[in-house]
Structures are given as structure tokens and as C-alpha cells.
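The values are calculated or read from the model by the stated rules, or taken from the named source; none is laboratory data. Quantities reported herein were computed from a predicted structural model and do not represent experimental measurements. Positions of Cβ are generated from backbone atoms using ideal geometry, with glycine treated the same way; all protein chains shown enter the neighbour counts.
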Amino acid sequence: MHLLQNPIRSEELLAKTISITHRFYASSSEPLGHSELIKLAEQQGEHELIERFNHHSLGYADNGGSLDVREEIAQLYHDNISADNIVVFPGAQTGMTLTARALLHPGDHAIIVTPSYQSLEDSAKLAGCEVTRVALSPDQNWLLSIAAIEASIKSNTKYIALNDPHNPSGALLDAETKTALCSLAEKHQLLILSDEVYRMLEIEPNLRSPSMADISANALALSTMSKPWGAGGTGIGWIACQDLSLCEKLRRAQHIYAVCFSRAGEIQAMMVLRCSDQIINKNLNIIKTNLKLLEQYFAVNDDLFEWIRPRAGGTGFVKFKGPIDANRLASDLLVQGILIFPPSIFDCEDSLSQYFRIGFSRTTMPAALEAFAQYIDQQRTIWAQQ
Ligand SMILES: Cc1ncc(COP(=O)(O)O)c(C=O)c1O
């Protein structure tokens, strides 16, 4: 596949959408302000880090991420992950694309769990892979079937890519399923690209299971500042992996695409991580408040909507039971200035043509839900006559 063959569908839609009043699709947490971050860092007594920010050099930062930011990131994992096991990328999107490019070869086969963030599949195709999709289904609560993965393994399979916590549904895998997937990968000598960008946003934090990078040396865990912490503007994403030879390959791939990152972004990322508890608590409170409103709305309007309550992250995949499909519903809503993500964004199979993604991690969601509800009420009588 050529780089320009499949532009990112969500970005294309956003670029074409001149005015959106209600961003009812947004998946990242409430954006953090720099002055808010400095205030939090001051409250935490992180004066030395603030000094480091004020006096940092604008020369090149270290390739693959400076040691101090990698040390800070490594603390999110268990003891088998240290700074050497972290490779920093300019965001998760670049991380997943370069990882596939570095570790896969034309003619390899990759298994991709869908629906998913588009790059998960396209990065394997860009690396020249043949791809098999393993589709999640609402009938199985959007949960992964290890048997379905096993049935898709071929002699040239090299890679399984999945996203957990899951965008768009908010489903969450337990430790047993992750361990079973890792054992399968080890048995067949496969790599797992585990896109964990919504990890840390479990609605019940006791449901958080270990990162795949903590479970197996065959796993590469991907994460980013943008989702749990609302700090995508730092431009910091990373891969965590126990296998140092894989990390070395990723560092080499990263050299080719980026000479270095913004040192300012690295220091901001360190501040964010040192204030992680406060930031994530604040973001989870927004998510929980919004989730209550959504549950109430979908319960009252269950003639038109059905969903499986998300268990992590700030996105949900909702079934529309009206007489038009969800692509049409999304384009009609867009005329009203309300953007939800239609199933076409996820290149969904026909069986999911009634599903659309909403985002509920922002303080603006209640207003978006109100505008959405008003439009639905207007249409209800028209739909009843169809
Ligand atoms: C599942 C998933 N993975 C990766 C990304 C990309 O993350 P980043 O913004 O750090 O590039 C996104 C962004 O929406 C996502 O939803």
C-alpha cells in the first residue's frame, strides 16, 4: 500500500467539516493547559522540573527519548520495564506506524482486531503485510475471542494488533484473556502490538489489568500523553517492550523519521506524569459524570438506542435502531453542527452499519448531548412514519 492510498478517514472528515459546534465524537481527555500544569507541578513541589523547563536547551534532544522522560514513563509499568525498554515516538500514531514498518516485511501476515483505530490496520498494510481482520461483536460484549485469533494464524503470521481498552466500544480485557493471548503469541512466535492508549482510564480502576508489556516479551505496548492526560500537544507517545533487541530496532526506525523530539514536550510530559493522579482523577470524574447522563438518556430512549456500557476510556459504540443507517444519521447530525463518528470511519462490516461512536471525556459533552437529544426528538415523529 502506498502512503497516500488510505488517508486517515477521521482526519479527512474533520478537515472537511468547516464548523462543528458539538464535538460529540472526541476521544481524548479534556485538554490540559500549560499554566494549569505548572500550577499542579508547583503544588506537588516539582520546582526543579519547572526550572528544567524554564532553562532547557533548544538544541537536539536525545534520539528515542531522553533518559529522564523514559525513566518517568517506565514507572507506569512493572519491574521488568525500565528506561531502556521505552522508545519514545512523536505520538502513538507515529509509534504504531514505525513499529509495523520496523518489525514486519512484505509478504508477512498480520491479524488485526476490528473495529479499530484506522492506523492499526493500515500500518501493517503500509509495511507490505497481508491482513486478516478478526471482528469483535456486540453479541460477545465486544470482547476478544482467543479461538478466533488462533483460527486466523497462518504459516507467515508475524503480528497481532489490537486495541485495549477498546476504541470505539470502551470494552476492557481481563488479565486472563491477555495472558492467554500472550501464551498464544509465544507458542507461535508472534509479536503483539497492544495499543493501550486508553489504559489508566478504567471507570472502575480496580478493573485495570497489567499492560501486555508486563506480561510477555512478545508484546509491544503503545501509549500516549493525549488520551488519559489530555496532553497530546506534548507530542509524546511511546512503546514499552521487555525485548531490548526489538527496542533497538524501533530506535533505529525512529532515527529515520525523526531526528529528535521537542525537549519542552518531554519536560511537560514528565510534569504530567508526576501529577498523574490529580489529572487522571479529574478526567475520570468528567467521564463518570457524562456517563451517568448518557446512561439516563439511552435508558429513556431505548426505542432508538442501545449500547453496552463502556468500561474504560471516553468512547462508546451506540446502536441506532431508527429507519436510517448510522452513516446517514451522522451526516444529518453534521448539518446541525453535531459530529459523531459514523461506522464508515472504522470501515465497519455491514453488520455494524447501525453503530456510531460518541466521545464523553470532555466537559462540553452535556451540551452536545442536549443538542443531539433535541434533534432526535424532532426526527422521532418523522421516523415513526417511515
Ligand atoms: C486507539 C488509538 N490509538 C492511537 C491513537 C493515536 O494517538 P496519538 O494522538 O498519540 O497519535 C488514537 C487517537 O485517537 C486512538 O484512538
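Quick notes on this one:
- One residue from 183, 209, 226, 194 being surrounded by fewer than 23 Cβ atoms within 10 Å (Cβ to Cβ), modelled with pLDDT of 95 or more and touching a strand residue (DSSP E or B) at 6+ places or on another chain (Cβ under 8 Å): 226
- Those strands (runs of 3 or more DSSP E) of segment 87-190 in which 3 or more residues are touching a Lys or Arg at 6+ places or on another chain (Cβ under 9 Å) and within 16 Å of the ligand (Cβ to nearest atom) occupy 109-114.
- Of note, residue 39 does not satisfy the criterion of being exposed (fewer than 12 other Cβ atoms within 10 Å of the Cβ), on the phi < 0 side of the Ramachandran plot and more than 16 Å from the ligand (Cβ to nearest atom).
- Tabulated pairs, segment 80-100, first on the phi > 0 side of the Ramachandran plot, second within 7 Å of the ligand (Cβ to nearest atom), C-beta under 6 angstrom, 6+ apart or interchain: 91/224; 91/237
- Some residue of segment 339-353 being at pLDDT 95 or above, away from the ligand (no atom under 16 Å from the Cβ) and part of a strand (DSSP E or B): no
- Across segment 269-277, a minimum of one residue is classified as part of a helix (DSSP H, G or I), away from the ligand (no atom under 16 Å from the Cβ), within 21 Å of the chain's Cα centre (by Cα) and among the hydroxyl-bearing types (Ser, Thr, Tyr).
Okay, residues lined up against (1) part of a loop (DSSP other than H, G, I, E, B); (2) under 21 Å from the mean Cα position of the chain (by Cα):
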position	(1), (2)
2	yes, no
13	no, yes
19	yes, no
26	yes, yes
38	no, no
52	no, no
70	no, yes
73	no, yes
76	yes, yes
